[in-house]
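Worksheet: the structure to be examined is printed underneath.
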Amino acid sequence: MLSPQWLDELRMRTTLSAVIGRTLRLTKAGREFKACCPFHNEKTPSFYVNDEKGFYHCFGCEAHGDAIRWLTDQRGMPFMDAVKELAAEAGMEVPAPDPRAAQRAEKRASLHDVTAAAQEWFEGNLRGAEGAQARGYLGRRGFSEAIIREFGFGFAPEDRQALKRALSRFEEPMLIEAGMRIAVEDKEPYDRFRGRLMLPIHDTRGRVIAFGGRILDGEANPNAPKYLNSPDTPLFDKGRTLYNLHRAAAASRKTNRVIVAEGYMDVIALAAAGMEDAVAPMGTALTEQQIELLWRMADKPV
Ligand code: ZN
């Protein structure tokens, strides 16, 4: 396994447009290069290559990566072969394997397992006895059983250690890194989401990467925020994520429209009313990256 420093050095010495330019015809676009995306079918270019940042990004399908990722994903090379090829071109020597670094990488890869397991647990709680209050709230909001299942509603109990017990097969540092537990100095870490109606947040590939939680017992916790999201984690970048994008993208191709609502409950209410092309930002303000994403989805974001 390779250290992040070594990989950064490799990226710095690699000119990404030269690597990509071998298999894709690139056109200069300001300080970047653009092309029709090789990862999805399109007629107008939304695939950009930025040599300064060392990243490519497609605003159509969100394909994103560096030179190594290009060689593995586009050319189908095994990771180490891609690294060796780039290192040879950059005149760098590939260091010998470090088992501890390999362990760290394995942990990172399984943060998705943590969020997937948490989602399963939240959903089970909602169906169980302790989920009665949350089910009552959903009923009052008029959400059907089908909508509740489709959007993956769940419930986090009030207990500060319940998630840790339920997900005991994962180590504490992983639960913290995935944003599910909060670490405090000199005290035992505790569950981030308690006494909340839970909603999973997905990436464009439909994998659970984060959660939003709505408080149920507002009077018992007057100081608790009504809505609480996962923090930014290795899986979740708030400013680049739009809630419901993985479902809305397909719907918006049919309608050539995308509706931006304020929050996830609005998106779900719209879907329940038959408008499936709605998304919402994760915080209060829409970021530049989110706006770019929207403009490439439809001619007229609403
Ligand atoms: Zn693409």
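Residue by residue through segment 18-48, note down the ones that are β-branched (V, I, T) and over 15 Å from R75 (Cβ atoms).
Of all residues in segment 18-48, those β-branched (V, I, T) come to 19-20, 23, 27, 44.
Across segment 18-48, the qualifying residues are T27, T44.
Applying the criterion of being without any contact (Cβ under 8 Å) to a residue 24 or more places away in the chain and open to solvent by 50 Å² or more (accessible area, probe 1.4 Å) to the residues of segment 46-64, the residue that is farthest from the ligand (Cβ to nearest atom) is E52.
When P4 is tested against (1) closer than 24 Å to W295 by Cβ; (2) away from the ligand (no atom under 16 Å from the Cβ), just one condition goes unmet, and that condition is (1). State whether the residues of segment 33-42 include one that is at pLDDT below 90, of a type in the set (A, V, I, L, M) and within 16 Å of the ligand (Cβ to nearest atom). The answer is no, given that none of the residues of segment 33-42 is at pLDDT below 90, of a type in the set (A, V, I, L, M) and within 16 Å of the ligand (Cβ to nearest atom).
Taken over segment 242-281, the criterion of being of a type in the set (G, A, S), within 18 Å of E292 (Cα to Cα) and open to solvent by 20 Å² or more (accessible area, probe 1.4 Å) is satisfied by A249, A250. Close contacts from segment 157-174, counting a first residue that is closer than 13 Å to A118 by Cα and a second that is among the acidic types (D, E) and open to solvent by 30 Å² or more (accessible area, probe 1.4 Å), with Cβ to Cβ under 7 Å and a gap of 6+ residues or different chains, come to P157/E130.
When the residues of segment 175-184 are filtered to those that are without any contact (Cβ under 8 Å) to a residue 12 or more places away in the chain and in a loop (DSSP other than H, G, I, E, B), which remaining residue is nearest to the chain's Cα centre (by Cα)? Ranking the qualifying residues of segment 175-184, first place goes to A183.
The values are calculated or read from the model by the stated rules, or taken from the named source; none is laboratory data. It should be emphasised that the depicted structure is a prediction, and the values quoted were computed from it without experimental measurement. Here the Cβ is made from the backbone with ideal geometry for all residues, glycine too, and neighbour counts use every protein chain on show. Areas reflect the complete protein model, heavy atoms only, side chains present, ligands, DNA and RNA absent. Shrake-Rupley method; radii C 1.70, N 1.55, O 1.52, S 1.80 Å.
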